[in-house]
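The values are calculated or read from the model by the stated rules, or taken from the named source; none is laboratory data. Predicted model, so just to flag it, every value in this text is computed and none were measured. Every residue, glycine as well, gets a Cβ built from its backbone with ideal geometry; the counts of neighbours run over all protein chains shown.
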Amino acid sequence: MIPDVVAAIVIGLLAIAVVLAVVRIVRGPTPGDTAVAGDLIFFAFIGIVAVFGLAFSIDAVIDIVLIAAILGFLSILSLARLLQGGQR
Amino acid sequence: MTTSPWSLPVRALALLGWFIRQFIVTSVQVSALILTPGRQPQPGIVRVELDELSDAELTLLVAIITITPDTLVIAVDRQARTMFVHGMFVAGDAEAFRSSLLDTQARLVRGVRWRAPASRTGKEMP
Amino acid sequence: MTAELAVTIVGSALLILGAFVIASAAIGLIRLPDLYTRTSAIGTAAGLGVSLIIVGVVVLDFSALNLLKGVIAIVAQLLTSAIGSFALARSGYLTGSRPVATTAPDELADSAASPRDRQIDDGRALGDDSATS
């Protein structure tokens, strides 16, 4: 449904984003920085899934993105909670 | 002087339109900052005294401030009715930043309440 | 130019722009000096970046139902990412991520010096009544 070159550009940009986020995870320095970088990887993941879905004409692509958008904050909330050792 | 309850849909739409514009403008500003080599942010954290807001209004205010990428709520103290907000482009001018946040609060109140103060100062709009 | 071609061009441009915003947020993640400015940078990816990709998907795969799902997805994404950023910034502060020294003013650090808020330093009291239940 989309030209291959578009899929390649989008996935390339998002792959760069994931690599940079992994660099931040490795470097830290605080757990908060690691969590923020993890958050970005999740957003890049939404984009990658969307483009794969379009490239292979998967009908459910918008549903996947919708569910990811709704549930995405659970991961970051649990990370934030984990940072504080389970305290709110 | 308060607004007419009948104008709420118009005021809510005005809030939505203002927010979307603000969201896009500040996203572009933050992206431009990141992509300009050598440029660093001029951050600041200010304390803001809030008006009397309901829980829903306070949640919405925190959400609006945090979604616009140049501003970020770090802490809310509901009893003391204060919040601490981090800004990317404060550049030492705490008062200007604080009054822009109070402006956001006033716009929110006007956009969600049946009867809101007609203007920020409580006076009738010209 | 056929309508189909126009749809492909507009949709592709939205997808590429969204991916570009996410990539630039990642550059900010590397380049910016502290947790709070980095969280702000991620805010552009969480908001504008993901929203552009969702709009791109809706344009390329258009139907009334998909438009509705797209609008819901954008609203959900904005609200949940705001809650996530706030929780992260707050717990980051409580666990000792200090703002970069160029942060001026830092009224949170100033208030931490007063007796009422001193518990901030042992990582508890600040904003315990805030919306994080």
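As an exercise: evaluate C:THR2 against (1) more than 30 Å from B:GLN42 (Cα to Cα); (2) at the interface with chain B (Cβ under 8 Å from one of its Cβ atoms) and give the number of the one condition it does not meet.
If we test C:THR2 against (1) more than 30 Å from B:GLN42 (Cα to Cα); (2) at the interface with chain B (Cβ under 8 Å from one of its Cβ atoms), just (2) comes out false.
Give me the residue from segment A:28-44 that is more than 8 Å from chain C (Cβ to nearest Cβ) and on the phi < 0 side of the Ramachandran plot and, out of that set, farthest from the chain's Cα centre (by Cα). Walk me through how you get there before you give the answer.
Of segment A:28-44, the ones more than 8 Å from chain C (Cβ to nearest Cβ) are A:28-29, A:34, A:38, A:41-42.
Next cut, on the phi < 0 side of the Ramachandran plot only: A:29, A:34, A:38, A:41-42.
Numbers: A:PRO29: 21, A:THR34: 13, A:GLY38: 7, A:ILE41: 3, A:PHE42: 2 Å.
Out of the qualifying residues, it is A:PRO29.
With respect to A:ILE25, is the statement that it is more than 7 Å from chain C (Cβ to nearest Cβ) and at pLDDT 85 or above true?
Taking the combined requirement at face value, the residue satisfies it.
Taking the stated definitions as given, is B:ARG47 more than 21 Å from C:VAL21 (Cα to Cα) and not hydroxyl-bearing (Ser, Thr, Tyr)? Lay out the reasoning, then the answer.
On the way: more than 21 Å from C:VAL21 (Cα to Cα): yes; not hydroxyl-bearing (Ser, Thr, Tyr): yes.
Criteria met by B:ARG47.
Restricting to segment B:25-68, name every residue that is among the hydrophobic types (A, V, I, L, M, F, W, C), assigned to a helix (DSSP H, G or I) and at the interface with chain C (Cβ under 7 Å from one of its Cβ atoms).
The answer is B:VAL30, B:ILE34, B:LEU35, B:VAL62, B:ALA63, B:ILE67.
Quick one: in segment B:90-99, which of the residues that are surrounded by fewer than 18 Cβ atoms within 10 Å (Cβ to Cβ) and more than 9 Å from chain C (Cβ to nearest Cβ) is farthest from C:THR44 (Cα to Cα)?
Result: B:GLU95.
Hey, among A:ILE2, A:ILE67, A:ILE58, which residue is β-branched (Val, Ile, Thr) and assigned to a helix (DSSP H, G or I)?
Working: A:ILE2 fails: assigned to a helix (DSSP H, G or I); A:ILE58 fails: assigned to a helix (DSSP H, G or I).
Among A:ILE2, A:ILE67, A:ILE58, only A:ILE67 is β-branched (Val, Ile, Thr) and assigned to a helix (DSSP H, G or I).
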